[in-house]
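Below: the structure, in structure tokens.
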Amino acid sequence: MFHVPFPPSGSLLVTHYSGQYGDEQMMVGHDDCQEENHSEGLERDLVMQDCFVQVFPGASKNYKGRKTFMDNFDDDSHAAKCQDNLYYPFALLRKHLEILPSGPQWKFMVIEVDFPIKQPPLLYFCNVIECLQALLSDPTLIGHIKFCPCKIFDSAEKIHQVYHDWLTGDHAWELQIILKERQNLLPPGAMLLGVILLSDKMHMTTFDRLLHHVIDIVIVPLKKAAEYGCMMNNPFRNSKYCFTLLAAYVADTPEACVLSCMCSSTSHVTMAKSNDLPEYFKACKGDHLNGVNAPFWQNWPLTEPYIVFGPEALHHFHKMFWDHDLQWAINLVGTTQLDFRFTLLQPLTSYCQFKEGVSALRSPSGQDHCNIQCYIIGVIAGAVLQECLIAMHALNEFWYHAQASHFEEGDVTRLQSILKEFHDKKASTINTEA
């Protein structure tokens, strides 16, 4: 997980620490934070100016005595001689490349299927735990990885919370509490290593079960680490007792439906429990399920599809605008009139111009979707009903504010208010059959 940079050198920070390090509030300088952040002491990697930070007590303990990437890099038979001559062993250097530490190795396996196919598919993959270890021990990421859930407040009274990323959110804090309660036979100091998966599904139509099967093969090590934990090195020659929980899965809407075992045009929620396949598939049709009886996320502790398949800007803000809002505008204003209004826009520096309108665009990119969003409310103003304009403006405003790098509780309240305004006015768009 990545975090915001430190404040300027010399600035004062208000921070709070609890648990095994005591319970105190202190004023510290930037240089102090940077020094202690590189030791086994307090986690201060998310401290910001004029913010009050509460770190989860007892989480992310350091275990000494492990090697970093650079230790492995220097640990070869020629390391001592390279201290005096960086070019040793001279012309033979290329012949010794194999002694350098390698990254995760690619593997492949033949996937057996129970349906007719021209040739069995091949799955190429790496060990995901080795991939995570390569990232965690990378020295270039020092100062950009944090290991402990925390809550950030805008004052010492802890009234208004500030959200930056997953480890500063309520979900990570609650998962750490659950993990702590299950640690009766496990050592203290466990660390949440939130995993974000991404995929771009091939259109396999009836082969949705195959997609779940191959993903399940790849993530088996993650499931085991989520259940039992695993020791992983950080860049400071320490080890962390990591539990690899699924924090999010980035996918477009059709793929999210497949991965959450839902039919298309439905929400990502499933209630299927049947193991009787003939009756199961028959019941799936009525309940909008896609018939996958072994989803990849089964047996992955604390994984909830409705949480991990959250919205992301490209597909659920910009692409959704293109598929819905722009089509509403075309239906309300008319294709010819909408294109004519776009051609009248004056050229502005750093803004895209649509000299031939927007309805005839072919294979528009996400940037095109974003550019049209900047204009759409002004373009249709005066040509649609006031209630329709308010509804589309509210939804556009929601998408704009939802892309902020961090949120305070006041921002969350504002987003809820904007979304409520859309729902209050959306009937006008429905009634006009847009």
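Of the residues ASP154, ASP114, which is farther than 18 Å from VAL214 by Cβ, out of contact with any helix residue (DSSP H, G or I) (no Cβ under 8 Å at 6 or more places or on another chain) and among the acidic types (Asp, Glu)?
ASP154
Which of the residues spanning region 299-332 are small (Gly, Ala, Ser), surrounded by fewer than 19 Cβ atoms within 10 Å (Cβ to Cβ) and part of a helix (DSSP H, G or I)?
Passing the criteria: only ALA313.
Can you give me the number of residues within region 246-257 that are crowded, with 18+ Cβ neighbours inside 10 Å and in contact with a Phe, Trp or Tyr (Cβ under 8 Å, 6 or more places away or on another chain)?
5
Conditions (1) open to solvent by 50 Å² or more (accessible area, probe 1.4 Å); (2) free of Cβ contacts under 8 Å to residues at least 40 places away in the same chain; (3) more than 19 Å from THR303 (Cβ to Cβ), marked per residue:
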position: LEU123; (1), (2), (3): no, no, yes
position: CYS126; (1), (2), (3): no, yes, yes
position: ILE129; (1), (2), (3): no, no, no
position: LEU135; (1), (2), (3): yes, yes, yes
position: GLN161; (1), (2), (3): no, no, yes
position: LEU175; (1), (2), (3): no, no, no
position: ILE178; (1), (2), (3): yes, no, no
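Kindly indicate whether GLY143 is in a loop (DSSP other than H, G, I, E, B), loosely packed, with under 14 Cβ neighbours inside 10 Å and in contact (Cβ under 8 Å) with a residue 24 or more places away in the chain.
Values: in a loop (DSSP other than H, G, I, E, B): yes; loosely packed, with under 14 Cβ neighbours inside 10 Å: no; in contact (Cβ under 8 Å) with a residue 24 or more places away in the chain: yes.
Spelling it out, it is not the case that GLY143 is in a loop (DSSP other than H, G, I, E, B), loosely packed, with under 14 Cβ neighbours inside 10 Å and in contact (Cβ under 8 Å) with a residue 24 or more places away in the chain.
Taking PRO104, is it surrounded by 10 or more Cβ atoms within 10 Å (Cβ to Cβ), touching a Ser or Thr at 6+ places or on another chain (Cβ under 6 Å), at pLDDT 75 or above and assigned to a loop (DSSP other than H, G, I, E, B)?
No.
Only one residue in THR335, THR413, THR349 is open to solvent by 60 Å² or more (accessible area, probe 1.4 Å), under 32 Å from the mean Cα position of the chain (by Cα) and of a type in the set (S, T, N, Q), so which one is that?
Testing whether each residue is open to solvent by 60 Å² or more (accessible area, probe 1.4 Å), under 32 Å from the mean Cα position of the chain (by Cα) and of a type in the set (S, T, N, Q) leaves just THR413.
Out of the residues in region 259-298 meeting the condition of being closer than 30 Å to CYS242 by Cα, among the polar types (S, T, N, Q) and surrounded by 14 or more Cβ atoms within 10 Å (Cβ to Cβ), tell me which one is modelled with the lowest pLDDT.
THR270
Given LEU179, LEU135, LEU197, which one is modelled with pLDDT of 85 or more and in a helix (DSSP H, G or I)?
It is LEU135.
The values are calculated or read from the model by the stated rules, or taken from the named source; none is laboratory data. Every value quoted in this text rests on a predicted model; they were computed, and no experiment measured them. Quick reminder, even Gly has a Cβ in these numbers, built from the backbone with ideal geometry, and neighbours come from all protein chains shown. Note: areas computed on protein heavy atoms with side chains; ligands, DNA, RNA excluded. Shrake-Rupley method; radii C 1.70, N 1.55, O 1.52, S 1.80 Å.
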